[in-house]
Amino acid sequence: MNIHEYQAKEVLKGYGAPVAEGVAITSADEAEAAAKQLPGPLYVVKSQIHAGGRGKGKFKELGPDAKGGVRLAKSIEDVVSNAREMLGNTLVTKQTGDDGKVVNRLYIEDGADIDRELYLSLLVDRSVGRVAFVASTEGGMDIETVAEEAPDKIITVPIDPVAGVTAADAEKLCSALNLGGAAKVDGMQLFPILYKAFTEKDMSLLEINPLIVMTDGHLRVLDAKVSFDGNALFRHDDIKALRDESEEDAKEIEASKYDLAYVALDGDIGCMVNGAGLAMATMDIIKLYGKEPANFLDVGGGANKEKVTAAFKIITADPNVKGILVNIFGGIMKCDVIAEGVVAAVKDVGLKVPLVVRLEGTNVDLGKKILNESGLAITAADDLDDAAKKIVAAVG
């Protein structure tokens, strides 16, 4: 689960991280009062969407010459005018795709005098099985660009889960970021704070880009991007309360209600599969035969008729879907349960696109019998290769 920048900063502030004062607003009428709560005279007006590259983004409605999604304002009047221009409009960045995201929230933040911009993040490093810091002196840039153009400027510091962030770890990070004086003192305090927040709140990513050294020599978290492990949210009611469903795909929200693993994609062939590995293989073979999957959907090993029906409805609710491939290898998940769910869903919502079903495994004969006697226009397939060829041909 992702949260907004202002929410991420509030979480980090609770652990003692240095962040600027700021106020989140949802209406331009709130902008003046928000700005008056801050020291000024420099303010930053930040679009709050779940995507990076906001500063370089462009608003669809405002034309190519308009300012981006992060703006400096030198007076309260500027704050208000920017808020009126930004709220309700669609911001397009490198991470949103061409459709962009509507800006429903702004964060009015106190400005900062910046001396240097740094990059710092925490993530789960699967190569060593530990949480690791990633640090670079090249802040303000996409870390992917830094990795491509100057990989020697990226330093990774894995953290021993028993010892936590040691003084030696903090020294390595200070060295990697070229911190000295007051900035080093701040860094030695900040790194353990960030690690504690990451582990205690079950984060999967904590990215600070940039972490700045101000002209007074101190550090400040200028931007913060945080993602949480969805499987651990049951432990954190305070974090669940931060969820902004307006930033999520409606189909993914519906899928989460039934504990379905669903991710919307850009293709036109809907997929319903049991098992993540089989789902990936199904998407791969669709691409092999020249089409693109419209989704990743794993109904899981213990799905019942209700979950299968819900999964089918979610797929058919996508207007981009021109055909559906159901690929089930029955183990714990029985083929007859899948068949009953598909038949129930088709009878409920109708079938306006080609449907190819491949069943194999537990109760496969009973599953095929249910489909064959349903009276529905379902195309059976003998194996995955046959199924992929048939759905691609049917979609054309």
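Applying a threshold of 6 Å to beta carbon distances and a minimum spacing of six or more residues, or different chains, the list of pairs starting in the stretch 58-75 at a residue that is farther than 12 Å from residue 46 by Cβ and ending at one that is surrounded by 13 or more Cβ atoms within 10 Å (Cβ to Cβ) and among the hydroxyl-bearing types (Ser, Thr, Tyr) reads 60/90.
Being modelled with pLDDT of 95 or more, buried (at least 21 other Cβ atoms within 10 Å of the Cβ) and touching a strand residue (DSSP E or B) at 6+ places or on another chain (Cβ under 7 Å) is true for just one of 48, 37. Which residue is that? Walk me through it before giving the result.
Numbers: 37 fails: buried (at least 21 other Cβ atoms within 10 Å of the Cβ).
Residue meeting the stated conditions: 48.
Each residue in the stretch 74-87 was checked for being assigned to a loop (DSSP other than H, G, I, E, B) and surrounded by fewer than 17 Cβ atoms within 10 Å (Cβ to Cβ), and 2 of them qualify. Kindly check whether there is at least one residue in the stretch 173-193 that is at pLDDT below 95 and within 22 Å of residue 9 (Cβ to Cβ). So far as the stretch 173-193 goes, no, none of its residues is at pLDDT below 95 and within 22 Å of residue 9 (Cβ to Cβ). For the stretch 20-33, the criterion of being on the phi > 0 side of the Ramachandran plot and either surrounded by fewer than 18 Cβ atoms within 10 Å (Cβ to Cβ) or assigned to a loop (DSSP other than H, G, I, E, B) (or both) is satisfied by no residue at all.
Can you work out which of the residues in the stretch 88-101 that are touching a residue at least 40 places away in the same chain (Cβ under 8 Å) and part of a strand (DSSP E or B) is nearest to residue 69 (Cα to Cα)?
Here is the first cut: in the stretch 88-101, the ones touching a residue at least 40 places away in the same chain (Cβ under 8 Å) are 91, 93-96, 100-101.
Still in the list and also part of a strand (DSSP E or B): 91, 101.
Details: 91: 7, 101: 11 Å.
Only one residue fits best here, namely 91.
The values are calculated or read from the model by the stated rules, or taken from the named source; none is laboratory data. Remember, predicted model here, so these are calculated numbers, not experimental data. Counting neighbours? That spans all protein chains shown, and the Cβs are built from the backbone with ideal geometry, glycine included.
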